[in-house]
Amino acid sequence: MSRICRAEFLVEPFEEGRPGPHVNAAVDAVRTLGFEPVMGPFGTTIEGASDLVIEAIKQMLDAATAAGASRVSMQIESCDDD
């Protein structure tokens, strides 16, 4: 059984209210796996089964760097204990 986890990532360069193609590529990449990412002022968050979240992060990194991201910061936390 897969654990539930939450991932938050920030794709840079980032300008609030005007995401560049590298940010849009990252968000679109996680959507392809069925996530509905929540874009906030300090990052984008997804939540789901850990195996799918990890796959989404891999795809997000590939898409963001291919589209020109200079840096990607992220954190992943378990939600099973919430």
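Given the residues A67, A63, which is the only one that is in contact with an Asp or Glu (Cβ under 8 Å, 6 or more places away or on another chain) and of a type outside the set (D, E)?
On the way: A67 fails: in contact with an Asp or Glu (Cβ under 8 Å, 6 or more places away or on another chain).
Being in contact with an Asp or Glu (Cβ under 8 Å, 6 or more places away or on another chain) and of a type outside the set (D, E) holds for just one of A67, A63, which is A63.
Yes/no per residue for (1) under 13 Å from M74 (Cα atoms); (2) buried (at least 19 other Cβ atoms within 10 Å of the Cβ); (3) touching a strand residue (DSSP E or B) at 6+ places or on another chain (Cβ under 7 Å); (4) of a type in the set (G, A, S):
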site: R3; (1), (2), (3), (4): no, no, yes, no
site: R6; (1), (2), (3), (4): yes, no, yes, no
site: L10; (1), (2), (3), (4): yes, no, yes, no
site: P19; (1), (2), (3), (4): no, no, no, no
site: A25; (1), (2), (3), (4): no, yes, no, yes
site: D28; (1), (2), (3), (4): no, no, no, no
site: F42; (1), (2), (3), (4): yes, no, yes, no
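Take the residues in the range 63-75 that are within 10 Å of the chain's Cα centre (by Cα) and surrounded by 14 or more Cβ atoms within 10 Å (Cβ to Cβ); name whichever of them is nearest to F9 (Cα to Cα). Step through it out loud before you land on a result.
First pass over the range 63-75, keeping only residues within 10 Å of the chain's Cα centre (by Cα): 64, 72-75.
With the extra rule that they be surrounded by 14 or more Cβ atoms within 10 Å (Cβ to Cβ), the set shrinks to 64, 72, 74.
Values: A64: 11, V72: 7, M74: 4 Å.
Applying the filter and picking the extreme gives M74.
Here, each number is a calculation from the coordinates, and none is a lab measurement. This one's a predicted model, so the numbers in the text were calculated from it and none came from an experiment. Every residue, glycine among them, receives a Cβ derived from its backbone with ideal geometry; neighbour counts consider all protein chains shown.
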